[in-house]
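Colleague: I'd like to ask some things about the structure below.
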Amino acid sequence: MKKFRGTGVAVVTPFKNDSSIDFTAMGRVINHVINGGVNYIVAMGTTGEASTLTKDEKKALISYVIEAVDNRVPLVVGIGGNNTQEVINFIRQSDLNGVDGILSVAPYYNKPSQRGIFEHFKAIATFSPLPVIIYNVPGRTSSNISSDTCLELAHECENIVGVKEASGDIAHIMRILKGKPESFLVISGDDGMIIPITAAGGSGVISVMANAFPRQTCELVNHCLKSNYKAAREIHFNFMETIELLFADGNPSGIKAFLSVMNLCHNILRLPLVPVNKNIFSRIQKVVEKIRQ
């Protein structure tokens, strides 16, 4: 699964003033990140506000992104949820021709046991015609995929090719890296954890920051993959404030503020998400001005 190695970008879903999807802005963001050198695109994830999109909007968005990407880079689509059968139904009913993989988040709210989590992902992998990357983000789901469960899925489900890890627990991630099959990908789901995860054997990142700064994110990841950590640290330290601001008042509120300052999309989110506060927005403006100098 070399196509999912390096820098993936969890693209935003831009909205117009009436809260409808702004496909024109979506195209701008896609071209911006591809021209910036990202290795693959992830649409309809958390950063893409998938939880507030209707089924029809999701299908329209998949269709548009396939066309806009135009096979220039691999494409991953977020298809997950806490109703296993509904996830499978959506996969079956969607035209995924032109999609290279599926990112599926751990089931949230239900708080299943580890056996339930295993069976959930096993069922999705069984019915998916595409490789599946599982997504562990317990801060959002209250559903942690334990290292043992992740390894069991990695060894038993051939169609599960990697994990996007956003637990923030480096010991947990180390256990996965130690016990995984050689080809199984461990991908950082946190821009701030690119260096430690990649240094331990990870495969790169699915990044929020790369929406705005794809070239610099790619440089950081590529340095890590080449074990050039001195250069990687320099980039990371230069972007520490940027990463902090991305999440200081919620995601994707932070990245949409950055993109609006850069004239790539409107600073509009769907409730219950709202734009960042004035103080954070002012700091974001100053950071963008500084980086552009």
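Colleague: When a/c reaches 1.5 or more, the comparison of a/b and b/c decides; with that in mind, is the chain rounded, prolate or oblate per its Cα gyration tensor?
Modeller: Values: a/c = 1.56, a/b = 1.18, b/c = 1.32.
Oblate.
Colleague: Can you tell me which aspartates and glutamates have their Cα less than 17 Å from the Cα of Lys59? Leave out same-chain residues fewer than eight positions away.
Modeller: Asp22, Glu49, Glu67, Asp70, Glu86, Asp95, Asp100
Colleague: Say the cut-off is 19 Å between C-alpha atoms; which of Lys256/Lys278; Lys111/Lys256; Lys58/Lys164; Lys3/Lys230; Lys180/Lys230; Lys180/Lys226 go over it? List each step's numbers first, then the result.
Modeller: Numbers: Lys256/Lys278 14 Å; Lys111/Lys256 30 Å; Lys58/Lys164 21 Å; Lys3/Lys230 26 Å; Lys180/Lys230 28 Å; Lys180/Lys226 21 Å.
Flagged as over cut-off: Lys111/Lys256; Lys58/Lys164; Lys3/Lys230; Lys180/Lys230; Lys180/Lys226.
Colleague: Now for a different question. Which one, Leu259, Thr149, Gly162, projects farthest toward the positive side of the charge dipole computed for the range 148-293 from Cβ point charges (K/R +1, D/E -1)?
Modeller: The one lying farthest along the dipole's positive direction is Leu259.
Colleague: The range 255-293 to the range 157-229: how many Å between their Cα centroids?
Modeller: Centre-to-centre distance over Cα atoms comes out at 26 Å.
Colleague: At 222 nm, what helix-only mean residue ellipticity would the chain give, in deg cm²/dmol to the nearest 500, using -39500 (n - 2.57) for each DSSP H run of four or more? Write down the numbers at each step before the final one.
Modeller: Numbers: 13 runs with 136 residues, N = 293.
Per the formula, -14000 deg cm²/dmol.
All of the numbers you see were taken from the coordinates with simple rules; none came from a lab. It should be emphasised that the depicted structure is a prediction, and the values quoted were computed from it without experimental measurement. Neighbour counts are summed over all protein chains in view; Cβ atoms, including those assigned to glycine, are modelled from backbone coordinates with ideal geometry.
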